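Below is one structure; the comments refer to it alone.
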Amino acid sequence: MTSTQAPLIACIGGGNMASAILGGLLGQGLAAEQVTVVEPSEAARAALHQRYGLQSAPDALAVAPALAHADLVLWAVKPQVFRAAAEPVAPHVGAALHLSVAAGIPTDSIARWLGTGRIVRAMPNTPALIGQGISGLFARPEVSEADKALIERVMASTGQSLWVHSEAQLDAVTALSGSGPAYVFFFLEAMMQAGQEMGLSAAHCRQLALATFGGATELARRADESPAELRARVTSAGGTTHAAITHLQQQRVDAHFIAALKAAQARAGELAAEFGKD
């Protein structure tokens, strides 16, 4: 993304996800002068300046002219403060395209607070911090194909993305990939603990577990077979893998894991109702 092709971007919130997106865009050629950041935290503003050379302001009033010229407004605030953050910004950004990465805030609420329906909602995950994330995207009807193309360019700086057909599907995206890194870390913890209990050093357990997860994921990505087929290929009857998988199935770990994701999906819906209140 070169500076001549890039839009003027206003970012409301300067935390980790904003840093991931802006850092990726700057790495692709976006000029720092094309970015306006509103971030109340002095420490966060200092970090953005030190890392990327970005100038930021503590409130919207200080950068109102820049907000008025923004092509895209990125909302990267905590859900519980979204409405309060929107109030001083809304009068200046009615003509802009809006991209929200705030978890749990439905676009109907955002549209009411901002006075525009030209909104895309994204559900990224934390690997976006290293450009290896995946985001679910939902666009309201007011969003054009050109708008979608711009969003795809912006989110490409964080990794992969995909469009869902209904906003309710973002709750499933949240449960599967938004919260998903925590599940991976959970299983990594268990594998490393088991390795130490079986006599391996902590360093060896970490190396073995991380390489196993990374390698298996890449194999699944490249293979034509399904994960079930790949699992069967390494599960010889009466062997060590068979013993482990049989124990997991007897404990209904798969069923419990599916139930856990559905619990996350349900909670996502509850948070949307809670944070989206007028």
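The values are calculated or read from the model by the stated rules, or taken from the named source; none is laboratory data. On a predicted model such as this, the values are computed, not experimentally measured, just so you know. Virtual Cβ from ideal backbone geometry, glycine too; neighbours counted across all protein chains shown.
The number of residues in the stretch 45-57 that are out of contact with any helix residue (DSSP H, G or I) (no Cβ under 7 Å at 6 or more places or on another chain) and within 20 Å of residue 88 (Cα to Cα) comes to 1. Does residue 120 count as touching a Leu at 6+ places or on another chain (Cβ under 9 Å) and farther than 16 Å from residue 105 by Cβ? The answer is no for residue 120. In the stretch 86-115, the qualifying residues are those that are farther than 25 Å from residue 180 by Cα and not in a helix (DSSP H, G or I), and the one that is nearest to the chain's Cα centre (by Cα) is 98.
Of all the criteria given as (1) touching a helix residue (DSSP H, G or I) at 6+ places or on another chain (Cβ under 7 Å); (2) surrounded by fewer than 21 Cβ atoms within 10 Å (Cβ to Cβ); (3) closer than 25 Å to residue 140 by Cβ, the one not satisfied by residue 91 is (1). Restricting the stretch 234-278 to residues that are charged (D, E, K, R) and modelled with pLDDT under 95, the residue that is farthest from residue 108 (Cα to Cα) is 267. Counting only strands (runs of 3 or more DSSP E) that sit wholly inside the stretch 116-178, those with at least 3 residues that are in contact (Cβ under 8 Å) with a residue 40 or more places away in the chain are 133-139.
The set of residues in the stretch 15-67 that are within 19 Å of residue 151 (Cβ to Cβ) and in a loop (DSSP other than H, G, I, E, B) comprises 28, 29, 30. Out of curiosity, is residue 144 in the same structural domain as residue 124 (by TED's automatic domain parsing), surrounded by 14 or more Cβ atoms within 10 Å (Cβ to Cβ) and polar (S, T, N, Q)? No; evaluated as a whole, the condition is false for this residue.
Assessment of the stretch 129-148 against the conditions (hydroxyl-bearing (Ser, Thr, Tyr) and within 19 Å of residue 11 (Cα to Cα)) yields at least one matching residue.
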